[in-house]
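Q: Here you go, one structure.
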Amino acid sequence: MIVSFRLRTLCRLQRIQGHMMSSQVDSGVLLEKVGCAGVITLNRPEALNALNMPMVQHIYPQLKKWESDNETDIVIIRGAGGKAFCAGGDIRAVTEAGRVGDPLAEDFFREEYTLNHAI
């Protein structure tokens, strides 16, 4: 009976912690911890969840934290919207930046490939 009570309490705590560790960022990505899983939700369905620089800059540090966290056993990456998991990099933003001489293209691909390697 005591074990059952402690188990229920532990499960409740994990659910609460999972919600507390959620972070919705205006970057188009939701990062959350659910039990022993890190969950990344790509949340730009209008752009087929194409990765942009803010998304990459939020995902990478969280992946590194989960990598060194002994309580994170798995990372799940999913796409919102049901139409596409991820269309890849946001080529439209990179192209538009290139037209005005913004170094976004070079920076974006360097950071995105670093993220790809971490995944």
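The values are calculated or read from the model by the stated rules, or taken from the named source; none is laboratory data. Model, not experiment: these values are computed from the prediction. Ideal geometry is used to build each Cβ from the backbone, glycine not excepted, and the neighbour counts take in all protein chains shown.
Q: Among the residues of region 1-54, how many are among the hydroxyl-bearing types (Ser, Thr, Tyr) and at pLDDT 95 or above? Don't jump to the end; show me each part of the working.
A: Start the filter on region 1-54 by keeping residues that are among the hydroxyl-bearing types (Ser, Thr, Tyr), which leaves 4, 9, 22-23, 27, 41.
From what's left, at pLDDT 95 or above: 41.
Of the residues in region 1-54, 1 are among the hydroxyl-bearing types (Ser, Thr, Tyr) and at pLDDT 95 or above.
Q: Then there is this: Could you please find all residues in region 89-119 being outside any loop (DSSP other than H, G, I, E, B), of a type in the set (Val, Ile, Thr) and closer than 19 Å to residue 29 by Cα? Talk me through it step by step, then tell me what you get.
A: Keep residues of region 89-119 that are outside any loop (DSSP other than H, G, I, E, B), which gives 89, 91-99, 104-118.
Next cut, of a type in the set (Val, Ile, Thr) only: 91, 94-95, 114.
91, 94, 114 - these are the residues of region 89-119 that are outside any loop (DSSP other than H, G, I, E, B), of a type in the set (Val, Ile, Thr) and closer than 19 Å to residue 29 by Cα.
Q: What are the residues in region 81-104 that are without any contact (Cβ under 8 Å) to a residue 40 or more places away in the chain and either acidic (Asp, Glu) or crowded, with 16+ Cβ neighbours inside 10 Å (or both), if any?
A: Listed by number, the residues that qualify are 84, 89, 94, 96, 97, 102.
Q: If you check 59, 77, which single one turns out to be outside any loop (DSSP other than H, G, I, E, B), in contact (Cβ under 8 Å) with a residue 24 or more places away in the chain, surrounded by fewer than 17 Cβ atoms within 10 Å (Cβ to Cβ) and under 10 Å from the mean Cα position of the chain (by Cα)?
A: Details: 59 fails: surrounded by fewer than 17 Cβ atoms within 10 Å (Cβ to Cβ).
Being outside any loop (DSSP other than H, G, I, E, B), in contact (Cβ under 8 Å) with a residue 24 or more places away in the chain, surrounded by fewer than 17 Cβ atoms within 10 Å (Cβ to Cβ) and under 10 Å from the mean Cα position of the chain (by Cα) holds for just one of 59, 77, which is 77.
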